[in-house]
1. Starting at 0 and stepping by 10 Å, how many percent of the alpha carbon pairs of the stretch 611-656 end up in each bin?
2. At a 10 angstrom cut-off on C-beta neighbours, averaged per residue, how do the peptides 631-639, 209-217 rank from highest to lowest?
3. Grab the other residues whose beta carbon is less than 14 angstrom from that of GLU567, score K and R as +1, D and E as -1, and report the net.
4. Taking Cα centroids, how far is the stretch 168-194 from the stretch 309-375 in Å?
5. Separation of the stretch 18-46 and the stretch 66-89 by C-alpha centroid, Å?
6. In nm, what is the difference between 0.36 nm times the number of residues separating ASP353 and SER84 and their Cα-Cα distance?
7. Which pairs, out of LYS37/LYS557; LYS373/LYS430; LYS430/LYS557; LYS355/LYS557; LYS126/LYS355, put more than 26 Å between their alpha-carbon atoms?
8. Just subtract the alpha-carbon distance of ASP548 and LYS627 from 0.36 nm times their residue separation and send over the number in nm, one decimal.
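The values are calculated or read from the model by the stated rules, or taken from the named source; none is laboratory data. All figures in this text were calculated on a predicted structure; none of them were measured in a lab. Cβ atoms come from the backbone with ideal geometry, glycine included; neighbour counts cover every protein chain shown. Accessible surface areas use protein heavy atoms only, side chains included; no ligands, DNA or RNA. Shrake-Rupley method; radii C 1.70, N 1.55, O 1.52, S 1.80 Å.
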Amino acid sequence: MADPSTYRPSPGAIPTSPGVYKFRDAHGRVIYVGKAKSLRPRLSSYFQDLAGLHPRTATMVTTAASVEWTVVATEVEALQLEYSWIKEFDPRFNVKYRDDKSYPELAVTLNEEYPRVQVMRGAHKKGVRYFGPYGHAWAIRETVDLMLRVFPVRTCSNGVFKRAAQVGRPCLLGYIGKCAAPCVGKVSADEHRALAEEFCDFMAGRTGNYLRRLEEQMQEAAAELEYEKAGRLRDDIGALRRAMEKNAIVLADATDADLLALAEDELEAAVQIFHVRGGRVRGQRGWVTDKVEDVDTAGLVEHALQQLYGGGTESVPREVLVPALPEPVGPVKEWLAGLRGSQVDLRIPQRGDKKDLMATVQRNALQALALHKTKRASDLTTRSRALQEIADALELDSVPLRIECFDISHLQGEDVVASMVVFEDGLARKSEYRRFQIKGFEGQDDVRSMHEVISRRFRRYLQEREQTGEWAVPEADDPGGQDAVGSDTGHDAAGQDAGQDTGPDVAGTRDETGRPRRFAYPPQLLVVDGGQPQVAAAQRALDELGIDDIALCGLAKRLEEVWLPGEDDPVVLPRSSEGLYLLQRVRDEAHRFAIGYQRNKRSKRLTAGELDSVPGLGETRRQALLKHFGSLKRLRAATVDELCAVPGIGRRTAETVAAALSSRPPAALAVNTATGEIIDDSADVAVGPARAVPETQTAPSQETP
């Protein structure tokens, strides 16, 4: 590890001009390339106290052994030079792009005597009209095949064209009417060029007038009893409409735009780009980025624009829509305008169809990032390396084959719940997930909640181990009583899947009936969502129960630091570490599970009715009772015999319903807040399920996990 002070240039030696700088390691390899509007303040910021630097930046400056810079005239030149050097040196601390392939485009070679329609990749050529890009080459060929009925433009290679001209016989496409056969003189060069230009106009979005003209010709042919001609025109119109359907219209006008969206976490970001040409989505592409440098969303947007347009393989449209503008935005817009040859509108969509389409691109980016994480987690070698890295970082005796993570969730102190998720061999085991209601106290106290949940989970573990004669349970009061648990795989209130085997019979994990025990299998590693306070609370709970053979750590969100009990400094795993990635997945899954339970609990609380808590009364029979009596008031006044008259309601259920309703005070009168009228629920109208909706509900702006 190098000391940055050993290669720090003197402040007066660094110019204040725009420029590009390179950090090199001890072997002379370029490890980072950056640009700056003014080199002096930017480079000086790298040589401050390491404690004040972001962990990724601190790692870079301690890996480097020298720094050098190149002065340029403008920020646009700096942007271009930075991109060139990143492509040339592939620095390890710069953003890395996983997908750098070019996408196919539909090209019309108007620079030739007989223009040709073909699929092309790579850099654009002068005199060639391009449409796209498309996601796949077959999508272009399907579109062209439909349009050749109406625009029979040449699609053959130069060799085939010359051979047909020599023998005086066209190819098969010429015989079936999908080529005008200029090779044998069926049409002149000018007539063929006119066909190619009409093809380009149609692909550019000017479709309405042409379709109307064909429809008029079809009507005229039918009126003159030329039914064969009318049939051909009808088929031509159908082919053109099918070709248009392959690129759904998403914007009302003939807009040419690229829409770029991002989905990111602490380690990675997914970039998705939709190419809109002539108001239609012509193509889509994306890649995954390793955030090995300290970069925000605006910086990722700038890198993505460099990646997309810097190589010259993609044309720059009139509009480029992004989720955040680079800082400063002027040089980037000037650079894009230079590539296009005219003004480029780089902006964030604020309203209308473009904002809606941007939301679609954003959803695709989120899906791409989730898919990438799933593929990465499914790799056995990667999971094994992650577990080993965790064991090494936390100095465990063995790799943690079972990891349990706990998270607390509430909404401004209400509906406080907790989640427990389980990962075995690096994969989620959803049948082992558990949910807890915090019952020992009221209000917001994450530390106290964490202590209660850990105590309850491991007290149950000790109780079930005691039944096998291996443990003695410490005497303590369970503030939560019977846990309300379940999982998102359909578990019942006992935390067991009815009639389903949950796995092999690990010693001590099944009771005398053969059913799986709920908490009999301890983890090798216990993870809590939070920093030092949460870790200390969990450790205190374990100490109170006399458990000392379970490793414990906490993962703090701010800098993704791993905290150990009794330690003043966190364990910082490398940002590219598979171990950190696995801990993040475990923590994020616990957060998701807790948030889902908390939202569900809050929803039930806000919409709970008087019949919801009647034992043995499900949704179907609640609906039947309300439909039969018409209102809760009439239902409450009904006798047991009248209740039994409802289809599906037996005497025992009727007695239960009558007892439950008679033991509760009648609900307060409902008031129409618009008119002040008291609403009588005895009206003879069909009513839905009884719901007690509060008169006022505040919607706090943030859910706190």
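1. Pairs per bin, as whole percents: 29, 68, 3.
2. Details: 631-639: 17.0, 209-217: 13.1.
In descending order of packing, they fall as 631-639, 209-217.
3. Charge balance near GLU567 sits at -4.
4. The stretch 168-194 and the stretch 309-375 have Cα centres spaced 41 Å from each other.
5. 9 Å
6. Numbers: separation 269, 0.36 × 269 = 96.84 nm, distance 3.56 nm.
Gain on stretching ASP353 to SER84: 93.3 nm.
7. Working: LYS37/LYS557 32 Å; LYS373/LYS430 17 Å; LYS430/LYS557 23 Å; LYS355/LYS557 30 Å; LYS126/LYS355 34 Å.
In this structure, LYS37/LYS557; LYS355/LYS557; LYS126/LYS355 lie more than 26 Å apart at Cα.
8. Details: separation 79, 0.36 × 79 = 28.44 nm, distance 5.86 nm.
That pair, ASP548 and LYS627, stretches by 22.6 nm at full extension.
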